[in-house]
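One structure below.
The values are calculated or read from the model by the stated rules, or taken from the named source; none is laboratory data. Please read these numbers as outputs of a predicted model, since none were measured by experiment. Neighbour counts are summed over all protein chains in view; Cβ atoms, including those assigned to glycine, are modelled from backbone coordinates with ideal geometry.
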Amino acid sequence: MIPSRSIHDTIAFDRPAGLPRRRLLTIAVALACLGVLALAVDLDVARWCKAGHIPKEIMRFLNFSEVFGHGIGVATILLAAAVLDPTLVGRRAVPRFGSLPFSRDLGWMVVTAFAGGLMATLIKATLVDRVRPRAADLAAAVSSLATFGDSLAANIASHSDINSFPSGHAATAAGLAAALAWKYPRGTWFFVALAAAAAAQRVASLAHYPSDVLMGAAVGLLSAAFLLGTKSTYATQDGAPSDALLNKVR
């Protein structure tokens, strides 16, 4: 006879550990280093993609995966998590804020998912100009460093065409992957794969160079390290099971 699980057993089963800050920082630094090294192959990869060598079915999958790094897609994914996971919704008592209709876990997930993208957008909007592959005269470029600035601009449709570095999509995808892995550690590698596919789509669609997406992902994980690195996520709020979880177990 198999003993039935109690409420407390269920709570313990649904309580994953938080992501350590050191691990996130290490991965972020590694990605930044790879981003510097990728400058050596930026032009070759961009020219190869521009020549249309990517098979259509792979490109179709990559285009679909862009939602993992796009603001609307990220919001939809987090909304789906809130609908499916009863520990993310329901009124909670939050210090200094009173009662909120969602848990702190959901709040941190939302902030983490978008913080990296906002930081990357701020960097490229105010500090760095780089012509996107789709708007650059790649044949005239002698090195990837020449893509910084607007000297290689050949087809500028908007100011966004000189905002290639770093990738906001990659930063957002990395932040979302970190947030989901923090809450649902069993799916970590799946989330990483989706973030990698979203970053690859930005390169394949000539929106970014490889160094852009690597640096963007580093920014996203750097943000996640400071937002989530010292926090743990729980299926309960303040040590007590939520009403939704109690109803679910009953």
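Details
- Look at (1) among the hydrophobic types (A, V, I, L, M, F, W, C); (2) touching a Leu at 6+ places or on another chain (Cβ under 6 Å); (3) at pLDDT below 90 and you find that Ile156 fails only one, number (2).
- Residue list for the range 54-73, filter: crowded, with 19+ Cβ neighbours inside 10 Å and polar (S, T, N, Q): Ser65
- The set of residues in the range 48-70 that are touching a residue at least 60 places away in the same chain (Cβ under 8 Å) and farther than 17 Å from Val213 by Cβ is empty.
- Options Thr87, Thr121; residue that is modelled with pLDDT under 95 and either surrounded by 19 or more Cβ atoms within 10 Å (Cβ to Cβ) or not in a helix (DSSP H, G or I) (or both): Thr87
- All positions within the range 30-81 that are part of a helix (DSSP H, G or I), within 17 Å of Val142 (Cα to Cα) and in contact with a helix residue (DSSP H, G or I) (Cβ under 6 Å, 6 or more places away or on another chain): Ala38, Asp42, Leu43, Val45, Ala46, Arg47
- Applying a threshold of 8 Å to beta carbon distances and a minimum spacing of six or more residues, or different chains, the list of pairs starting in the range 20-31 at a residue that is touching a residue at least 24 places away in the same chain (Cβ under 8 Å) and under 8 Å from Gly229 (Cβ atoms) and ending at one that is of a type in the set (Val, Ile, Thr) and outside any helix (DSSP H, G or I) reads Arg21/Thr230.
- Among the residues of the range 179-203, those that are under 14 Å from Ser65 (Cβ atoms) and either at pLDDT below 95 or hydrophobic (A, V, I, L, M, F, W, C) (or both) comprise Phe190, Phe191, Val192, Ala193, Leu194, Ala195, Ala196, Ala197, Ala198, Ala199, Ala200, Val203.
- Which listed residue, of Gly187, Gly149, is surrounded by fewer than 24 Cβ atoms within 10 Å (Cβ to Cβ) and on the phi > 0 side of the Ramachandran plot: Gly149
- For first residues located in the range 72-87 and farther than 14 Å from Trp182 by Cβ, partners that are in a loop (DSSP other than H, G, I, E, B) and lie 6+ apart or on another chain with Cβ distances below 9 Å form the pairs Ala82/Leu88; Pro86/Ala235; Pro86/Ser242.
- Residues that are surrounded by fewer than 21 Cβ atoms within 10 Å (Cβ to Cβ), modelled with pLDDT of 65 or more and part of a helix (DSSP H, G or I) within the range 205-250 comprise just one, Phe226.
- Test result for Ala139, surrounded by fewer than 20 Cβ atoms within 10 Å (Cβ to Cβ) and assigned to a helix (DSSP H, G or I): yes
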